[in-house]
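Notes to accompany the following structure.
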Amino acid sequence: MGGDGALHEVVNGVVGRDVELALMMRGTGMDFPRTHGIPTKVADAARVAVEGEARAFDLGKVTYRSWSGAEATEHFANIASAGMSAAVARRANAKSKAFGGKASFFTALVEVFFSWRNAEMRVRVDGEERRGKINNTVVANGQYHGGGMWLAPEASADDGLFDVLVFGDLTKRDFVLNVGKIYRGTHLSHPKIEQLRGSRVEIDADEPLPVELDGEQPGTTPASFEVVPLALRVRVPRSSSA
């Protein structure tokens, strides 16, 4: 019972164990249940826990540089990133949540974007490389992020692949004209956003960039991401065909 950050901690505690998770999400973002249709009202969530069906989902396994400088490894269930969105998550987590998760994350997004400098980044997806001035790279297992941004609308959490979104050298004008599209999932057509798919992703930069895992910020690049197929079982609403 908690938010996406609490789920992240639980996932790292149960990975590799024969358990099923039932969720009562009461946090700020609640992006994991959006992807999987899990209700957030306590009574409805309890009903899914008892009457729902267990589905297996992929996890991401990440090796990165911790804030102390040592190499570390964690898993994530929903979305990871390197670059601006990690700084946004950190800013949002430091804010008051009195107006809800969507408002907290949107305010943090605006504040961080206008002070953020795009960085020279190298992104490799199954050996295919992109490099240059990049604002942000998202490694998506789920679809939603940041309190309701439909960041990776085509991502599937059980296909053995990440949806990798490379946000290139975005300008302030790009941001102002397109920020609303992120909430509608219509931003993928932007010429400075490229979508790739793969099971292994490597991200590096000239200067270490913050890394974000399910809204948590454990360290920096260089970071490598790999899919762990069907490693997490979660109770979801029973399908009509079941």
* Only one residue in V236, V201, V228 is touching a helix residue (DSSP H, G or I) at 6+ places or on another chain (Cβ under 7 Å) and hydrophobic (A, V, I, L, M, F, W, C), so which one is that? -> V236
* Restricting the stretch 105-137 to residues that are buried (at least 18 other Cβ atoms within 10 Å of the Cβ) and of a type outside the set (A, V, I, L, M, F, W, C), which is nearest to the chain's Cα centre (by Cα)? -> T137
* Asked: Restricting to strands (runs of 3 or more DSSP E) lying wholly in the stretch 50-150: which have 1 or more residues that are of a type in the set (F, W, Y) and at pLDDT 95 or above?
  -> 53-66, 71-76
* Asked: Residues of the stretch 167-186 being at pLDDT below 95, surrounded by 15 or more Cβ atoms within 10 Å (Cβ to Cβ) and over 16 Å from the mean Cα position of the chain (by Cα), which ones?
  -> L170, D174, F175, N178, V179, K181
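With V164, V227 as the choices, which residue is crowded, with 18+ Cβ neighbours inside 10 Å, touching a residue at least 12 places away in the same chain (Cβ under 8 Å), under 13 Å from V62 (Cα atoms) and of a type in the set (V, I, T)?
Values: V164 fails: under 13 Å from V62 (Cα atoms).
Among V164, V227, only V227 is crowded, with 18+ Cβ neighbours inside 10 Å, touching a residue at least 12 places away in the same chain (Cβ under 8 Å), under 13 Å from V62 (Cα atoms) and of a type in the set (V, I, T).
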* Test each condition in (1) of a type in the set (F, W, Y); (2) out of contact with any helix residue (DSSP H, G or I) (no Cβ under 9 Å at 6 or more places or on another chain); (3) over 21 Å from A155 (Cβ atoms) for F175 and report the one that comes out false. => (2)
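The values are calculated or read from the model by the stated rules, or taken from the named source; none is laboratory data. Just so we're clear, the structure is a prediction, and the values are computed from it rather than from any experiment. As a convention, Cβ positions derive from the backbone with ideal geometry for all residues, glycine included, and neighbour counts pool all protein chains shown.
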